[in-house]
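Heads up, the thing below is written out as structure tokens.
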Amino acid sequence: MLVQNSLSEVLRAREELFTRTIWTDPTSQLQNRVKGSELSRYFLLTESERIGIEQTIRLLVSTTPYYLSLSDPTDPNCPIRRMIVPTAEEAVFSLEESSDPLDEERLSPVRGLTHMYPNRVLLFSNHSCSVYCRHCMRGRKVSSSGERMEKADLETAFDYIRNHHEVEDVVVSGGDPLNLADARLEWILHELNQIPHVRICRLGTRNPVTLPFRITDELCKIIERYNDDNLSIFCHTQFNHPKECTKEAKDAILRLLKVGVSVGNQAVLLKGINDDEEIMLTLHKKLLEMRVRAYYLYDPELIPGSRGFRTPLARGIEIVEYMRGKIGGMGIPHFVNDLPGGGGKITIGANWYLGYYPKTRQHAFRSAVTKKIHFSFEPVGSDKESYYPVLSEADWEKFQAE
């Protein structure tokens, strides 16, 4: 049973936690991670949060002191707190939900490796993260000791990649690969670097957000060593809210950039956290200031206990539409749905293209800036006219009048 402390006790406990943690030491941060049973010491919990902590059907609860310090102990709507503390909605397994909505296990030829796209694979390197985000789409594996990837499992995965010459691109994910010891991560990068047909390696990590001190000079030297003519290494991270864009996070990003690693952001659209046009615009402006390019904005997955995070599909379209014209293109993410059943990612965009009018060979568009209708001609002799949705006479006349 969780015992609720008073506000003064919560603030005192936070101060004690932050004091005993060697703040810039990633090992100390991990050693002092806060677990679910301890959350009542650091937050004034609501009844919904108490139920969520005790009855969650999702992954374990854990956060670094650093990430906890970004949260509000009294406000249950604090976006960082929402990503740390479960609510009662995590205790509900809805009919439409699945522990593996993307069919990653069906598409896994060997343990820890998913081969969904012809020339790309995803390597599940480990089961551990610095923070177990409540919206994690891989909760069936993350934080479960039964999903630990031993060296023999990774060697089998490397053999599979070596024997499949069509594989050019390996996404190293988890868990968080940067939670691995330096020696294990170096071994993984060395193995990939030695496979001639593997040209791209993408590290999927949230540590720049949740544990920026893990991006050490030693780690960056390892990455730089294998980021060469044989292998191009990229980093995909996940900032979801402007509050995460701290000086510590920027310093971590700059260390990666200095060793030639391009950093892209894959945000997740989360109800009550960032499903707001101005919040998302501010986030991506801050990311550009940190030299992080927008990559994806994910529609939330249909994972168990996730109803509290899911938004209508239209929200993502509306947000991306709102951002167009207010920030440079490199700051606007692709809104994507990773299709259930292993269908892969598709982009979903605002409907700027309105259709084609064959009589005048003109396409009609709505401007993201002026919101007015603009027209452009199809080349004479084009054999692609049947490709376009045809405008009705009524729509053509309406657009002409606007």
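The table for this structure:
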item	result
Close pairs (6 angstrom Cβ cut-off, 6 or more residues apart or separate chains): touching a residue at least 24 places away in the same chain (Cβ under 8 Å) and over 18 Å from GLU49 (Cβ atoms) in the stretch 2-24, among the hydrophobic types (A, V, I, L, M, F, W, C) and not in a loop (DSSP other than H, G, I, E, B) anywhere	THR24/PHE213
Subset of the stretch 135-168 [touching a Lys or Arg at 6+ places or on another chain (Cβ under 6 Å), under 26 Å from THR87 (Cβ atoms) and not in a loop (DSSP other than H, G, I, E, B)]	GLU147
Residues located in the stretch 191-244, provided they are in a helix (DSSP H, G or I), within 22 Å of PRO26 (Cβ to Cβ) and free of Cβ contacts under 8 Å to residues at least 60 places away in the same chain	PRO208, ASP217, GLU218, LEU219, CYS220, LYS221, ILE222, ILE223, GLU224, ARG225, TYR226
When residues of the stretch 174-190 are limited to those that are in contact (Cβ under 8 Å) with a residue 40 or more places away in the chain and small (Gly, Ala, Ser), the one farthest from ARG111 (Cα to Cα)	GLY175
In the stretch 103-134, residue nearest to SER62 (Cα to Cα) [restricted to those that are assigned to a strand (DSSP E or B) and touching a helix residue (DSSP H, G or I) at 6+ places or on another chain (Cβ under 7 Å)]	LEU123
The stretch 101-113 residues that are more than 17 Å from VAL167 (Cα to Cα), paired with ones that are of a type in the set (A, V, I, L, M, F, W, C) (beta carbon under 6 Å, 6 or more apart)	PRO101/LEU302
Residues (surrounded by 12 or more Cβ atoms within 10 Å (Cβ to Cβ) and without any contact (Cβ under 8 Å) to a residue 40 or more places away in the chain) located in the stretch 350-359	ALA350, TRP352, TYR353, TYR356, TYR357, PRO358
Top-ranked residue in the stretch 192-222 [being of a type in the set (Val, Ile, Thr) and over 21 Å from the mean Cα position of the chain (by Cα); ranked as farthest from THR156 (Cα to Cα)]	THR216
Pairs, first under 16 Å from ILE346 (Cα atoms) and modelled with pLDDT of 95 or more in the stretch 293-322, second small (Gly, Ala, Ser) and part of a strand (DSSP E or B), C-beta under 6 Å, six or more apart	TYR295/GLY264; LEU297/ALA267
Members of the stretch 323-349 found to be within 19 Å of LEU270 (Cα to Cα), surrounded by fewer than 17 Cβ atoms within 10 Å (Cβ to Cβ) and over 18 Å from the mean Cα position of the chain (by Cα), listed by number	GLY349
Residue match in the stretch 138-145 (condition: of a type in the set (Gly, Ala, Ser), under 29 Å from GLY305 (Cβ atoms) and free of Cβ contacts under 8 Å to residues at least 24 places away in the same chain)	yes
Unmet criterion (only one of (1) farther than 30 Å from ASP100 by Cα; (2) surrounded by fewer than 17 Cβ atoms within 10 Å (Cβ to Cβ); (3) of a type outside the set (A, V, I, L, M, F, W, C)) for LYS286	(2)
Residues being surrounded by 19 or more Cβ atoms within 10 Å (Cβ to Cβ) and free of Cβ contacts under 8 Å to residues at least 24 places away in the same chain - total across the stretch 25-51	0
Residue in the stretch 306-317 that is β-branched (Val, Ile, Thr) and buried (at least 23 other Cβ atoms within 10 Å of the Cβ) present	no
Conditions (1) among the basic types (Lys, Arg); (2) closer than 16 Å to GLY329 by Cα; (3) without any contact (Cβ under 8 Å) to a residue 12 or more places away in the chain: number failed by LYS247	(2)
Unique residue being in contact with a strand residue (DSSP E or B) (Cβ under 6 Å, 6 or more places away or on another chain) and not assigned by TED's automatic domain parsing to the domain that holds THR156 when the list is GLU104, GLU97	GLU104
Number of positions in the stretch 51-74 that are assigned to a helix (DSSP H, G or I) and β-branched (Val, Ile, Thr)	2
Where LEU354 falls short, out of the listed (1) more than 28 Å from ARG58 (Cα to Cα); (2) out of contact with any Lys or Arg (no Cβ under 8 Å at 6 or more places or on another chain)	(2)
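The values are calculated or read from the model by the stated rules, or taken from the named source; none is laboratory data. Every value quoted in this text rests on a predicted model; they were computed, and no experiment measured them. Cβ coordinates were reconstructed from backbone atoms using ideal geometry, including for glycine residues, and neighbour counts include every protein chain displayed.
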